[in-house]
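Asker: Sharing a structure, written as structure tokens. Questions coming.
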Amino acid sequence: MPRTSAAARTGLIAELPRLRAPASISESERAIFTAVVKACDAKHFRQSDLPLLCRFCELTALADQAASELRQHGAVVNGRASPWIVVQEKCVRGLVALSMRLRLSPQARIDAKTLGRQQIDTGPKPWDD
């Protein structure tokens, strides 16, 4: 394991710069972008993740809009299914796929090699009678 430098121990090394939202996204998407980037470790995202992360934010904002429309007007409008149902379904599918690729979902963060060590044993210990 590499040694930690004195500068790193004293906090003199600046934190890695986090991704910044591009100017091309909307304000609601920018808020989602900032929240996601701040919720993750600074080393989690790379510049190459920016297009996927932008699409993730777009889908999240659109899914929120679809959910709001469905809450406001209901799933059935004039005897027919609301078109917002299809929008919401497609957004959720896209979000699931992108969350796995961006390692934002719990499943994507699990390391299969260390999974056994991460489990909490709630059963009785062999030495307890």
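Asker: Add +1 for every Lys or Arg and -1 for every Asp or Glu among the other residues with Cβ under 12 Å from the Cβ of residue 66, and state the total.
Answerer: Details: positive: 71, 90; negative: 64, 69, 89.
Every neighbour counted, the sum reads -1.
Asker: Still on this model: Please give the net charge around residue 75, taking every other residue with its beta carbon less than 14 angstrom from that of residue 75, where Lys and Arg add +1 and Asp and Glu add -1. Write out the running numbers ahead of the final one.
Answerer: On the way: positive: 71, 80; negative: 69, 89.
That sum, taken over residues with Cβ under 14 Å, equals 0.
Asker: Taking the highest mean first, how do the peptides 76-84, 32-40 order by number of other beta carbon atoms within 10 angstrom per residue?
Answerer: Details: 76-84: 10.9, 32-40: 16.0.
Sorting 76-84, 32-40 by mean packing, highest first, produces 32-40, 76-84.
Asker: Still on this structure, I have one more. For every other residue with a beta carbon closer than 12 angstrom to the beta carbon of residue 32, add +1 if it is Lys or Arg and -1 if Asp or Glu, then tell me the sum. Provide the component values of the computation, followed by the final result.
Answerer: Working: positive: 30, 38, 55; negative: 27, 29, 58, 64.
Its environment carries a net charge of -1.
Asker: Take the alpha carbon gyration tensor of the stretch 16-129, find the square roots of its eigenvalues, order them as a ≥ b ≥ c, and report rounded if a/c is under 1.5; if not, report prolate when a/b exceeds b/c, else oblate. The partial results should precede the final answer.
Answerer: Working: a/c = 3.12, a/b = 1.43, b/c = 2.19.
Judged from the Cα gyration tensor, the stretch 16-129 comes out oblate (a/c at least 1.5, b/c at or above a/b).
Asker: Still on this structure: Mind putting a number on the dipole of the stretch 21-107 about its Cα centre? Charges go on the C-beta only, +1 for Lys and Arg and -1 for Asp and Glu, and I need it in Debye to the nearest 20.
Answerer: Working: 11 positive and 8 negative charges, 51 e Å.
Roughly 240 debye, rounded to the nearest 20.
Only the coordinates and a few stated rules stand behind these numbers; no lab work does. Given the structure is predicted, the values throughout are model-derived calculations rather than measurements. Note that each Cβ is placed from the backbone with ideal geometry, even for glycine, and that neighbours are counted across all protein chains shown.
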